[in-house]
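The values are calculated or read from the model by the stated rules, or taken from the named source; none is laboratory data. Bear in mind that the values here come from a model prediction, so they are computed numbers and not experimental data. As a convention, Cβ positions derive from the backbone with ideal geometry for all residues, glycine included, and neighbour counts pool all protein chains shown.
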Amino acid sequence: MSILRRVATHRILEGKRGIREAYDIMSRNYDSSKHLHITRKMEIGEEKAVEKLLRLFSPPVLDVGCGTGRYAVKIAEKGVEVVALDVSRGMLCKTVEKARGLKASEKVHPVVADGGNLPFRKRSVKGLLCTLTIDHFENREETVKGFSEVLAGGSICVVTTINKKILDSFRRLHRLPPGKISFMTDSSECFLIYEDSSPLEDFIRIVEKYFEVVMVEGCFYCYLLPFTLARFYYKTRLETFLSCFKPLLKYAGIHVILLKNFRQAGDSAPAV
């Protein structure tokens, strides 16, 4: 998600094809664009919560919506095989470029594909990561179900989702239509693409059909500050302090959810 100045015009890109087109164009300078300043803060907060969970993964790990390789490359640097999957070829090329620069490319296996329709055999991966991506899928339940099907029994899954109140506040602030969020980089026009989320309780009810919920942690507590103040004054040490108070979880901008696949070796999913 990006916090942008108000713009007079924008281009609406519909569906998965639109998301792919937007990220292909933005991949050219996605990591460095000054227009994605809030995205950077979100990523920093999320990384503090997610990186400590990476040690729980067993190879091979599937990174769904890997983007420019924030986590895929870190996993590969640890000597762990990782399948880096993204709908955008441009973003995936950036992942491969980073991995080569860090001499970790042998452990990164790039796949251009739709994370909502995973092209893998059942029980073929032992860990799955999906960060700041699940909210781009219109059918989140089918997506989560697909995650559970490709994971081996008892495997770990980490998903991060944006607080729906944050997205709704952003849409009101920038007068955006329902279900759409604006993105823009230094070299691209302003796009509107699909991004939405469910209230945390609703999303938990979905994942509990397929996974055991091990942990829910909050990060990026910008909802406690106006967006304009969060841009300049939000500090990660404030976030670390606020995350200690579980009642404040509802104010977290991002929810980090650690899941364990119900299935053990040879088991079927529980009835729902």
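Conditions tested, residue by residue: (1) out of contact with any helix residue (DSSP H, G or I) (no Cβ under 6 Å at 6 or more places or on another chain); (2) over 23 Å from Lys164 (Cβ atoms).
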{"residue": "Leu13", "(1), (2)": "no, no"}
{"residue": "Lys16", "(1), (2)": "yes, no"}
{"residue": "Ile19", "(1), (2)": "no, no"}
{"residue": "Lys52", "(1), (2)": "yes, yes"}
{"residue": "Pro59", "(1), (2)": "yes, yes"}
{"residue": "Cys66", "(1), (2)": "no, yes"}
{"residue": "Tyr71", "(1), (2)": "yes, yes"}
{"residue": "Val83", "(1), (2)": "yes, yes"}
{"residue": "Met91", "(1), (2)": "no, yes"}
Among the numbered conditions (1) assigned to a loop (DSSP other than H, G, I, E, B); (2) out of contact with any Asp or Glu (no Cβ under 9 Å at 6 or more places or on another chain); (3) surrounded by 21 or more Cβ atoms within 10 Å (Cβ to Cβ), tell me where Leu118 comes up short. (2)
Check segment 143-152 and report whether any residue there is part of a strand (DSSP E or B) and buried (at least 20 other Cβ atoms within 10 Å of the Cβ). yes
Between residues in segment 21-41 that are in contact (Cβ under 8 Å) with a residue 40 or more places away in the chain and on the phi < 0 side of the Ramachandran plot and residues that are assigned to a helix (DSSP H, G or I) and crowded, with 17+ Cβ neighbours inside 10 Å, which pairs lie under 6 Å by C-beta distance while being six or more apart or on different chains? Tyr23/Met91; Asp24/Gly90; Ser27/Gly90; Ser27/Met91; Ser27/Lys94
Of (1) crowded, with 20+ Cβ neighbours inside 10 Å; (2) without any contact (Cβ under 8 Å) to a residue 40 or more places away in the chain; (3) assigned to a helix (DSSP H, G or I), Ala84 satisfies all except one. Which? (3)
Go over the candidates Ser155, Ser124 one by one and state the one that is surrounded by 21 or more Cβ atoms within 10 Å (Cβ to Cβ) and among the hydroxyl-bearing types (Ser, Thr, Tyr). Ser155
Where a residue in segment 206-219 is under 12 Å from Leu53 (Cβ atoms) and its partner, wherever it lies, is of a type in the set (Lys, Arg) and in a strand (DSSP E or B), with Cβ under 9 Å and at least six apart: Val214/Lys260
Determine whether Gly79 is of a type outside the set (A, V, I, L, M), touching a residue at least 24 places away in the same chain (Cβ under 8 Å) and crowded, with 19+ Cβ neighbours inside 10 Å. no
Where Thr95 falls short, out of the listed (1) surrounded by fewer than 20 Cβ atoms within 10 Å (Cβ to Cβ); (2) over 17 Å from Phe191 (Cβ atoms); (3) out of contact with any Leu (no Cβ under 8 Å at 6 or more places or on another chain): (1)
So, in segment 17-55, of the ones that are basic (Lys, Arg) and at pLDDT 95 or above, which residue ends up surrounded by the fewest Cβ atoms within 10 Å (Cβ to Cβ)? Arg17
If you go through segment 19-67, how many residues are assigned to a helix (DSSP H, G or I) and small (Gly, Ala, Ser)? 3
